Amino acid sequence: MLAVTVVYAAPGVEAAVSLTLPDSATVADAVGASGLIEQWQLNRAAIAFAIYGQRVDPSVPLRDGDRIELTRPLLIDAKSARHARAARRKHPP
């Protein structure tokens, strides 16, 4: 058996579910068993998955102790955000 944790965070939300799953479990199995997608009414098509910050496919087999993260789509590209902040610092309103 594997002990894993599935987590989801958003503004105002921090959720973590600890699970014990069979040795053959995948990321998809853990996410489904966690119930977090249903609980927070997440758009399944917009959610991606990561294990300790590294993007993974739902079919990836799990290892004992894995932390599966449900990741939301970015609202703005990080590089674009840095450029916008730098421009505001150079030319304040």
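The values are calculated or read from the model by the stated rules, or taken from the named source; none is laboratory data. Just so it is clear, the model here is predicted, and its values are computed rather than measured. Don't worry about glycine lacking a Cβ; one is built from the backbone with ideal geometry, like all the others, and counts go over all protein chains shown. These area figures cover heavy atoms from the full protein model, side chains too; ligands, DNA and RNA do not enter into them. Shrake-Rupley method; radii C 1.70, N 1.55, O 1.52, S 1.80 Å.
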- Message: Anything in segment 49-60 that is farther than 17 Å from T5 by Cβ and open to solvent by less than 90 Å² (accessible area, probe 1.4 Å)? List them, or say none.
- Response: D57, S59
- Message: I need every pair where a residue in segment 68-80 that is on the phi < 0 side of the Ramachandran plot and charged (D, E, K, R) has its Cβ under 6 Å from the Cβ of a residue that is at pLDDT 75 or above and assigned to a strand (DSSP E or B), sequence separation at least 6 or different chains.
- Response: E69/V7; E69/A50
- Query: Scanning segment 10-48 for residues that are under 13 Å from R67 (Cβ atoms) and hydroxyl-bearing (S, T, Y), which turns out most open to solvent (accessible area, probe 1.4 Å)?
  - Reply: S18
- Item | Candidate set: segment 61-78, residues that are of a type in the set (D, E, K, R) and not in a loop (DSSP other than H, G, I, E, B); chosen: the one surrounded by the fewest Cβ atoms within 10 Å (Cβ to Cβ) | R67
- Message: Given the criteria part of a helix (DSSP H, G or I), in contact with a strand residue (DSSP E or B) (Cβ under 8 Å, 6 or more places away or on another chain) and surrounded by 10 or more Cβ atoms within 10 Å (Cβ to Cβ), does A81 qualify?
- Response: no
- Query: Does at least one position in segment 70-91 carry a residue that is at pLDDT 95 or above and within 16 Å of V7 (Cβ to Cβ)?
  - Reply: yes
- Query: Do we have any residue at all in segment 11-22 that's outside any helix (DSSP H, G or I), closer than 18 Å to P73 by Cβ, under 11 Å from the mean Cα position of the chain (by Cα) and among the β-branched types (V, I, T)?
  - Reply: no
